[in-house]
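Here's the structure we're looking at; comments come further down.
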Amino acid sequence: MTSARKYNCVVLVKQVPDTHNVTSNAMKDDGTMNRAALPAIFNPEDLNALEMALQVREQYGGTVTVITMGPPSAAEVLRAALYRGADRVILLSDKKFAGADTLATSYALKCAIEKIGAYDLVFCGRQAIDGDTAQVGPQTAEKLGLPQITYADSVVNLEGDEAIIERAFPMGNELVKCTLPCLLTVVGSANQPRPPSARKRIEFKLAATPLEYRELLERRPEFPSEEALDAYLAARNLKIPVWSAADIGAEEDKIGLAGSPTQVYKVNFVVLETTESRQVPATQEGIAALMQELVREYIVG
Amino acid sequence: MSNHADSRDVWVFIEQEEGQIAEVSLELLAKAQELAKTLNSQVCGLLFGYQIRELAETVIRHGGDRVLLADHPELENYRTLPYARVAIDWVRERKPYIFLLGASPVGRDLAPRIASAVRAGLTADCTDLQIGDYESKKEKRVYKDLLYQIRPAFGGNLIATIVNPTMHPQMATVREGVMRRHEPDATRTGVVEEIEPKFEARDFALKVLSRETHESNVNLKGAPVVVAGGAGVGSQENFQLVQDLAHLLGGEVGASRAAVDAGYVTREHQVGQTGVTVRPRLYIAAGISGAVQHRAGMQESSKIIAINTDPNAPIFQIAHYKIVGEVEQVLPMLIKALREKTK
C-alpha cells in the first residue's frame, strides 16, 4: 500500500537536565539544585519522536530535519540526532530567545519550521521532563495552522496527503485519519529509539556550530584558524547552522521574556512542616508494635 | 492585548464523555467558585457535546453560575479542532479573566491550542490556585487580584508561583484529585446559554476511525490505604512485596514516578503532581525519597509510614512513622505482623 510519495519530517527536540536521576548529591545544602550534578540529556520522548520520523523515512523516503532551541551547548543533542541518522540539524540560538515560556518557544519554533518550508510531518516528544507541560507541541501546531495528534503511538499508514495514526492514552486508544501536514506529539511507549550508530559517530564526530569553533580549535590544533575550520566543516557537511531571531524573521515582542505571558512571581524553597513523628525500629518487634498501635487507632482494620 | 478592564469571570472547561462529566471538572467548579467569590465575579462552565443539554444542571449544582453550551453532532466526541474552534471564538468574544481546564489527556490537548490562538499564558499541572497581587519591579506597578498559579518547578526542589499580568485569560490546568469538589447543591440556580458553533471546513482535518477505552481497575483516589513503592524498592520482584502488603491492607498500590519509569508498575499507579493525588487514612511510602512532586500527591494523608535506607530522605520529614531500613527487609516484617494480627 505504500505510495510513491515521499515525506519530509521535521523533529523538534530539547536538551533537558536529567531530572529523573536526581540524587541526593544533586541538592546543595541550602536546598537549591546543583545543576552541575545533573547531566544534560536528550529529552527522552524526543528520542521517540526522532525514531518515529526515521522510520517514516525508511519506509516511505524523504528527509528528517531536527531542530532544537537552546544555548550553544544544546548542539550536543543535534550531534546525537546526526549519530542516529538525521539528514539535517539546526540550532536556534540567540540571547533574545532567553527566558521564553512555552508560548514564546512555540512562536520561535513556528518561525523556524516556516523557514525550512517544505514539510509533511512535524514530530515532537509528548513532553519534556524538565517542565512536563506538554504545551509546546500543540502551541506550535496552532501557530502553524496544523492539526495536531497528541499521544501518537504509531504511524499506521501514510498515503498521499493522509496519515493514519494510532494514539495511546493512559485509559485507551484511538485510531485517527488526518490530512497532511500535521504535527504529532509522540509518547514514550511508541518505539524503542535506536542507539547512535558507530559509523555515524565517526562520520559526525567533528560536527559543530560556529558557536563551538573556539572550543573545538583548542582540541584540534591542526586547524590554524576558525576560518580554516569553518571551510573544512562546511565542505564536509559538518557545519551545524545556527539560526538567530533575525534569521527566522521572528518579531522581537513575541520571543524570549518579552513574548512570554507567564512570569515567575516567586520561588519558594520547599519548607517541610515537621510532622510529629516517631522512629520505628526496623525489627520484627518494633514493626509488630507499630501494627498494634495502628489497629488500636482504627487506621488498620 | 491586555484586557483586564473586561470581565473577571472564571471559566471552567467541562469535560464530558458519553454524558458523564469528568470528576476533575466538578473539582475545578468548586475551586472556581472560591476564586470568583474573591473576585466578586461569576463561574462559567463551558459544556460541549451532543445531546448533553441536561448536564447543564449538574454544572450549576456543582458551582456554575452560567453555562455556555454548544450542543452539536460534530462535538459528540472530543476532537481538538472543532472543540478549539468553539472555545477560541468564545474566549475572543467574552474575554474571561481566568480559564481552568483539567490536566487530562483532553485538557492537555485543548488548553495549549486555545492559549496559543488567543496568546494567553498557560501553566500546566498547578497544585494550588489563589488570588493575589503582583508587584512588577521592572514596570513599577502593582497588578491587583491576579491568579497565582502554583506548581513545583526545577525538578521539584522548588515551588514556583507563576503569574500572567496582562495577556489574559489566565489559563491553568489542574490534575484530577488536587482540588476538592463540592456536594451538589440542588438549590443553586444559574443561566444556561446555548450558542450555535460556527465551524470551518479545516476544523475537520482529522477523523476518528475507532476509539477504545478501558476502564481502570486502579482506584487510588478512593482507597483508604495506599502502599506505594519507589526507586528504592529496587526491582520488579521486590515490588511484589508492595502489592502483597496493599492487598493485605485492603488498599491500592501506588508508585513514585521513578518506579513507573523503571517499569515496576504501570503509570496509572503514579501518585504525585503528574499522577494522582490521594488522601488515604494510611499511606505507606516504601523506598520513596519524597521529591516535592510526589509529596504534592500524598502529603494530606492522615498517617504516613515511610521506609527508606537514607535517614535524611525528605519523605521522613512528613512521615508520622519513620523506619530506616531496606524495603526488602521491612516490607516482609510488616506483612508478617499483619498476618499475625489478623489470625
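Bear in mind these aren't lab numbers, they're just calculated from the coordinates by the rules spelled out. These numbers come from a predicted model, not from an experiment. Don't worry about glycine lacking a Cβ; one is built from the backbone with ideal geometry, like all the others, and counts go over all protein chains shown.
Between segment A:126-171 and segment B:278-293, what's the alpha-carbon centroid distance in Å?
Computed from Cα coordinates, the inter-centre distance equals 32 Å.
If you take each beta carbon of peptide A:135-143 and count the beta carbons of other chains within 10 angstrom, what is the mean?
Across the residues of A:135-143, the mean count of other-chain Cβ atoms within 10 Å is 6.
Where Rh is the Kirkwood radius over the Cα pairs of segment B:10-204, the temperature 20 °C and the viscosity 1.002 mPa s, what D in µm²/s does Stokes-Einstein return?
The estimated diffusion coefficient comes to 127 µm²/s.
Other chains near B:324-337: what is the mean number of their Cβ atoms within 10 Å of each residue's Cβ?
Going residue by residue through B:324-337 and averaging, the value is 4.
What residues have an amide H closer than 5 Å to that of A:Val122, excluding those fewer than 5 places away on the same chain, when H is modeled at 1.01 Å from N in the peptide plane?
Amide H to amide H, under 5 Å and 5 or more residues apart or across chains, A:Val122 pairs with A:Val10, A:Cys182, A:Leu183, A:Leu184.
Under 1.5 on a/c is rounded, so check that first for chain A, then, if it is not, pick prolate when a/b is larger than b/c and oblate when it is not; a ≥ b ≥ c are the square roots of the alpha carbon gyration tensor eigenvalues.
Verdict is prolate for chain A.
How many angstrom lie between the C-alpha centres of segment B:19-51 and segment B:84-123?
If you average the Cα positions of each part, the centres end up 14 Å apart.
What FRET efficiency comes out for the pair B:Gln51/B:Glu139, r = Cβ-Cβ distance, R0 = 41 Å, nearest 0.05?
0.25
Using the Karplus curve 6.51 cos²θ - 1.76 cosθ + 1.60 with θ = phi - 60°, work out ³J(HN,Hα) for each residue of segment B:160-177 in order, rounded to whole Hz, and write x for Gly and Pro.
9, 10, 9, 10, 9, x, 10, 8, 8, x, 7, 9, 8, 10, 9, 6, 4, x
By its C-alpha gyration tensor, with a ≥ b ≥ c as the square roots of the eigenvalues, how is segment B:225-341 shaped: rounded for a/c under 1.5, else prolate for a/b larger than b/c, else oblate?
Rounded is the answer for segment B:225-341, as its axis ratio a/c remains below 1.5.
Identify the GluC sites (Glu not before Pro) of segment A:237-301 meeting these criteria: DSSP loop state and at most 14 other C-beta atoms within 10 Å of the C-beta.
Listed in order of number, the matching sites are A:Glu251, A:Glu273, A:Glu276, A:Glu297.
Take each uninterrupted DSSP H stretch in chain A, measure its Cα extent along the helix axis, and return the ones at 20 Å or beyond whose mean Kyte-Doolittle hydropathy is at least 0.0.
Membrane-span-like by this criterion, though nothing is claimed about a membrane: A:102-116.
Could you identify which residue out of A:Val11, A:Val186, A:Val176 has the top mean-square fluctuation in a GNM of chain A using Cα springs shorter than 10 Å?
In the Gaussian network model the winner is A:Val176.
When the Karplus curve 6.51 cos²θ - 1.76 cosθ + 1.60 is applied with θ = phi - 60°, which whole-Hz ³J(HN,Hα) does each residue of segment B:212-229 get, with x for Gly and Pro?
Couplings: 9, 10, 10, 5, 7, 9, 9, 10, 5, 4, x, 6, x, 10, 10, 10, 10, x Hz.
Please compute the average number of Cβ atoms from other chains found within 10 Å of each residue's Cβ in peptide A:165-174.
6
Which of B:Ala186, B:Gly325, B:Gln51 sits farthest toward the positive end of the charge dipole of chain B, with +1 on the Cβ of Lys and Arg and -1 on the Cβ of Asp and Glu?
Highest projection toward the positive end goes to B:Gly325.
Each residue of segment B:25-42 in order: what ³J(HN,Hα) in whole Hz does its phi give by Karplus 6.51 cos²θ - 1.76 cosθ + 1.60, θ = phi - 60°, with x for Gly and Pro?
5, 5, 5, 5, 4, 5, 5, 4, 4, 4, 5, 5, 4, 4, 8, 6, 9, 10
Taking the Cβ of B:Val242 as the centre, find all other residues whose Cβ is under 13 Å away and add up their charges (Lys, Arg: +1; Asp, Glu: -1).
So the surrounding residues net to -4.
If you place +1 on the Cβ of every Lys and Arg, -1 on the Cβ of every Asp and Glu, and leave all else neutral, what size is the dipole of chain A about its Cα centre, to the nearest 20 Debye?
The dipole of chain A has a size of about 820 debye.
From Cα pairs below 8 angstrom and at least 6 apart in sequence, can you work out the relative contact order of segment A:9-259, rounded to a whole percent?
Dividing the mean separation by the residue count of segment A:9-259 yields 24 percent.
Under 15 Å between alpha carbons, and skipping anything fewer than 8 positions from B:Lys336 in its own chain: which aspartates and glutamates qualify?
Here the aspartates and glutamates satisfying the reach criterion relative to B:Lys336 are A:Glu285, B:Asp244, B:Glu328.
Highest mean first, how do B:67-74, B:210-217, B:171-178 rank when packing is the count of other Cβ atoms within 10 Å averaged over residues?
Descending mean neighbour count gives B:171-178, B:67-74, B:210-217.
So for each of A:188-195, B:11-18, B:143-150 I average, over its residues, the number of other beta carbons within 10 Å; can you give me the resulting order with the highest mean first?
So the order, starting with the most tightly packed, is B:11-18, B:143-150, A:188-195.
Between A:Thr140, A:Thr68, A:Thr19, which gets the highest mean-square fluctuation from a Gaussian network model of chain A, Cα cutoff 10 Å?
Result: A:Thr19 has the largest fluctuation of those listed.
Relative contact order for segment B:225-341 using alpha-carbon pairs under 8 Å, separation at least 6, rounded to a whole percent?
Answer for segment B:225-341 is 25 percent.
What shape does the protein assembly as shown take by its C-alpha gyration tensor, where a ≥ b ≥ c are the square roots of the eigenvalues and a/c under 1.5 counts as rounded, a/b above b/c as prolate, and the rest as oblate?
It is oblate, given that a/c is not under 1.5 and a/b is not larger than b/c.
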